[in-house]
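**Q** Quick one: this structure, given as structure tokens, is what I'll be asking you about.
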Amino acid sequence: AKADGKARAQIFHAQMDIDYHYRQRLKADLRQAVADGALTLAFQPQLDIETRKIVSCEALARWTHPELGPVSPATFIPMAEEMGLISDITAFVVESATRECAQWAGPVGVAVNVSARDFRGLDLLTVVSRSLDRAGLPANRLEIEVTETAVIEERDLANSVLQGLADRGIVIALDDFGTGYSSLSYLNALPFNKLKIDRSFVADIGKDPRALLLLSNVARLGRDLDLTVVAEGVETEEQLELMQGMTRVQQVQGYFFSRPLPSRDIAELIARMNG
Ligand code: C2E
Ligand code: CA
Ligand code: CA
Ligand code: CA
């Protein structure tokens with residue numbers, strides 16, 4: 001057992017070494033990719049649960065490394081945050097997401113994710129206004145998604161920036177709801193219009209009656225606070241039907257409807273589903 005432990009420790013250290021070098025390389029290449037404008041966007045639809053029409057699409061950053069292939073945003077977004085690159089990425093996402101959105105058939109919105117660091121590192125109001133102007137898009141077609149953690153990390157700044165965006169008519173969504181430490185009274189003081197319930201609340205609703213009860217209570221809470229309630233991570237028809245029958249969820253997003261799609265494909269999907 002002792003020898004086993006030693007071997008394991010060696011493997012562990014070797015793995016750490018690989019991870020370290022892998023990450024250093026990814027970081028260097030990410031900086032280059034951002035500078036070269038090599039990131040792209042994928043769009044995932046959010047549908048009205050009753051009409052089953054697409055109401056908006058979330059823009060998600062994509063990076064395909066020339067040799068290593070696709071790198072998950074769960075890997076490169078935290079790196080970009082550490083490296084001080086996130087604001088460049090956010091500015092790029094806002095700019096291209098609004099441009100794409102302006103091409104879609106009908107008044108479908110577009111949602112972009114904003115990091116805690118953006119409240120400090122980026123003049124979001126300026127970036128957003130400039131992008132909307134260039135795209136010729138009304139403010140209410142843009143949604144800004146922010147997590148509880150981001151808001152809590154940057155309390156005062158987050159509050160004033162979000163208020164400024166809300167005053168212009170931009171939709172503010174609280175993302176991944178239920179995964180952080182939310183003080184609801186605090187969150188209620190912020191100008192949120194939309195509540196995106198994290199997919200961990202959806203995953204088990206078909207298997208566990210308590211999971212469904214929990215989801216339905218979170219949804220009711222959101223509605224009572226006058227928020228549009230979205231459920232993330234809808235993967236099956238069963239989940240969709242349970243939600244429609246048993247909860248006050250209004251919008252749904254997830255693999256059951258569509259994976260995140262490249263811009264040409266999302267434009268086609270919107271035309272097909274909403275037409
Ligand atoms: P998120 O904002 O919660 O985005 C939703 C994630 O859930 C996406 O992963 C999406 O592909 C995935 N997803 C959608 N439907 C389903 C489903 O039915 N089942 C499951 N299991 N997953 C589903 P993705 O694109 O890998 O992004 C991961 C995270 O990276 C995002 O989570 C967001 O936190 C971050 N991210 C992505 N793009 C950006 C960006 O442009 N800026 C910032 N700041 N963060 C981003
Ligand atoms: Ca999001
Ligand atoms: Ca989310
Ligand atoms: Ca997330």
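**Q** Can you tell me which condition PRO78 does not meet? The list is (1) within 12 Å of ligand 1 (Cβ to nearest atom); (2) open to solvent by 20 Å² or more (accessible area, probe 1.4 Å); (3) touching a residue at least 40 places away in the same chain (Cβ under 8 Å), and all the others hold.
**A** Only one criterion is unmet by PRO78, namely (3).
**Q** Say we look at region 49-87 and pick out the residues that are in a strand (DSSP E or B) and among the charged types (D, E, K, R); which of these is farthest from ligand 3 (Cβ to nearest atom)?
**A** So the residue we want is ARG62.
**Q** Report yes if SER115 is more than 15 Å from the chain's Cα centre (by Cα) and either closer than 22 Å to PHE43 by Cβ or acidic (Asp, Glu) (or both), otherwise no.
**A** no
**Q** I'm trying to understand the selection: among the residues of region 144-157, which are away from ligand 2 (no atom under 16 Å from the Cβ) and assigned to a helix (DSSP H, G or I)?
**A** ILE152, GLU153, ARG155, ASP156, LEU157
**Q** Pairs, please: C-beta under 6 Å, at least 6 apart or cross-chain, first residue within 16 Å of GLN46 (Cα to Cα) and in region 238-252, second among the basic types (Lys, Arg) and open to solvent by 40 Å² or more (accessible area, probe 1.4 Å)?
**A** Pairs found: ARG248/ARG220; ARG248/ARG223.
**Q** Can I ask one more? Within region 153-191, how many residues are within 16 Å of ligand 3 (Cβ to nearest atom), within 19 Å of LEU122 (Cα to Cα) and open to solvent by 40 Å² or more (accessible area, probe 1.4 Å)?
**A** Looking only at region 153-191, we keep the residues that are within 16 Å of ligand 3 (Cβ to nearest atom), and these are 171-180, 182, 187.
Keeping just the survivors that are within 19 Å of LEU122 (Cα to Cα) gives 171-173.
Adding the requirement that they be open to solvent by 40 Å² or more (accessible area, probe 1.4 Å) leaves none.
Residues that pass the stated criteria total 0.
**Q** Same structure, new question: Residue pairs, Cβ under 6 Å, 6 or more apart or interchain, first in region 98-122 and of a type in the set (A, V, I, L, M, F, W, C) and crowded, with 22+ Cβ neighbours inside 10 Å, second modelled with pLDDT under 95 and part of a loop (DSSP other than H, G, I, E, B). List them.
**A** From residues that are of a type in the set (A, V, I, L, M, F, W, C) and crowded, with 22+ Cβ neighbours inside 10 Å, the pairs are PHE119/GLU154.
The values are calculated or read from the model by the stated rules, or taken from the named source; none is laboratory data. Remember, predicted model here, so these are calculated numbers, not experimental data. In this analysis, Cβ positions are derived from the backbone assuming ideal geometry, glycine residues included, and neighbour counts consider all displayed protein chains. Please note that ligands, DNA and RNA were not included when accessible areas were found on the heavy atoms of the full protein model with its side chains. Shrake-Rupley method; radii C 1.70, N 1.55, O 1.52, S 1.80 Å.
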